[in-house]
Amino acid sequence: MDTLAGQNAFRQARKRRIEASHAFDGDADRLIQYYREWTGSYELDVEREHYRGPLIVAELAGAVQAAYIGRERAAIAILDAGCGTGLVGVELAHLGFRLIDGFDLCETMAEMARQTGTYRNVQGDVDLKRPLSDYSSASYDMTVCCGVFTLGHVRPNGLRELARVTRPNGFVVVSTERSYADATSFENEVLRLQEAGVLTPVQYLRNGRYIGDEDAHYWAFQVHQSPGGKGNYLA
Ligand SMILES: C[S@@+](CC[C@H](N)C(=O)[O-])C[C@H]1O[C@@H](n2cnc3c(N)ncnc32)[C@H](O)[C@@H]1O
C-alpha cells in the first residue's frame, strides 16, 4: 500500500469508528464500552479529523461571558457535560476560565479529563439521559456541552437537564451535529423550553465547522427558570 492509500485507509477506519457510535441509540452500556476502548486514541483520532467543536464551544462561552456576564472569567463556575477527555476544559482554560467541573458517562474518559489538570472536579458514570442527581443543588453560571447531542448519544430533552443545573440568568452553550439536528427534533425542544419560559436562545452559529466534513450548529441559551422546578427565577 503506498503512503497516500495507507493514509486514506486509516482515515476511513477513523471515520467508521466515529460513525459507529451513531447507531447506539443512547444505549449507555454500549456507549461506555465504545468510549472505554477508544479513550487511548480518541484525541489523536479526532485531531486528525480536524475536530473544531471544543474550540468553538469554548470561544462561544467566552463571547457569552464578555457580552452578558460582568464577572471576570476566573470567577465563573462552568460545568462541562459529557466532558470526554477534557478537550473543552483545556480550551476554556486557555481563555482564562478556572472554575471548571466536568462529568461523563464513561469513567475512563473522565479519568483522562482529570489528568489534564484543568478541572476542579470530574465525575465519571454520570448519565445525562437521567436526572443529574449528583448535581441536584447545582447552580452553575454556565453549562457547556460539546459532541454529546450527537446521533446515538443523548436525545434533545437532555437540554432540560442542562438548564436545570444552570443558575437563573446563567447560560447553556451546546453543539448539535448537523446530522443530529437534521434527524432529531432539537429545534422543537428549544421551542418547547422557550414557550415554557425556561430558556431563550441568545446566539446561534449555523453550519459551523465541527469535524471532518461534518458541520454542527452551535447554540447559546440564557436560562430563566428551572424546568419543572419550583418557582420562576426570572430576575
Ligand atoms: C464525542 S465525545 C465528546 C467529548 C468531549 N466533549 C469533546 O468534545 O471532546 C462524546 C462524549 O459524550 C459522552 N456521553 C455519551 N452519552 C452520554 C450520556 N448519556 N451522559 C453523559 N455523557 C455521555 C461519551 O462518554 C463521550 O465522552
| message | Using a 1.4 Å probe on the protein heavy atoms, what percent of the accessible area of the chain belongs to carbon and sulfur? | response | 48 percent
| query | Of G147, P131, A77, which is farthest along the charge dipole of the range 53-223 in the positive direction, counting Lys and Arg as +1 and Asp and Glu as -1 at C-beta? | reply | A77
| If you line up the Cα atoms of the range 53-223 on their principal axes, what length do they span on each, largest first, in Å? | 36, 34, 32
| So, counting K/R as plus one and D/E as minus one, what does the shell of residues with Cβ under 13 Å around H153 add up to? | -3
| task | Kindly provide the helix-only [θ] at 222 nm of the chain, computed as the sum of -39,500 (n - 2.57) over DSSP H runs of four or more divided by all residues, to the nearest 500 deg cm²/dmol? | result | -12500 deg cm²/dmol
| request: Could you give the size of the charge dipole of the range 120-231 about its Cα centre, using +1 on the Cβ of each K and R and -1 on the Cβ of each D and E, expressed in debye and rounded to the nearest 20? | output: 380 debye
| task | Send over a whole-number figure in Å² for the accessible area per residue of the chain, probe 1.4 Å. | result | 47 Å²
| Magnitude of the charge dipole, the chain, Cβ model with Lys/Arg +1 and Asp/Glu -1, debye to 20 | 460 debye
| task | Give the shape of the range 95-134 as rounded, prolate or oblate, defined through the alpha-carbon gyration tensor: a ≥ b ≥ c are the square roots of its eigenvalues, a/c under 1.5 means rounded, and otherwise the shape is prolate if a/b is larger than b/c and oblate if not. | result | oblate
| note | When the charge dipole of the chain is computed with +1 at the Cβ of Lys and Arg and -1 at the Cβ of Asp and Glu, the Cα pointing farthest to the positive end, of V122, T200, T39, is that of T200
| Please identify the GluC sites (Glu not before Pro) of the range 67-112 that satisfy two criteria: DSSP loop assignment and at most 13 other Cβ atoms within 10 Å. Which are they? | E72
| Leaving out ligands, DNA and RNA but keeping every protein chain, what accessible area does D213 have, in Å² rounded to the nearest 10, with a 1.4 Å probe? | 120 Å²
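The values are calculated or read from the model by the stated rules, or taken from the named source; none is laboratory data. Quantities reported herein were computed from a predicted structural model and do not represent experimental measurements. All Cβ positions, even for glycine, are placed from backbone atoms using ideal geometry, and neighbour counts span all protein chains on display. For accessibility, only protein heavy atoms count, side chains too; no ligands or nucleic acids. Shrake-Rupley method; radii C 1.70, N 1.55, O 1.52, S 1.80 Å.
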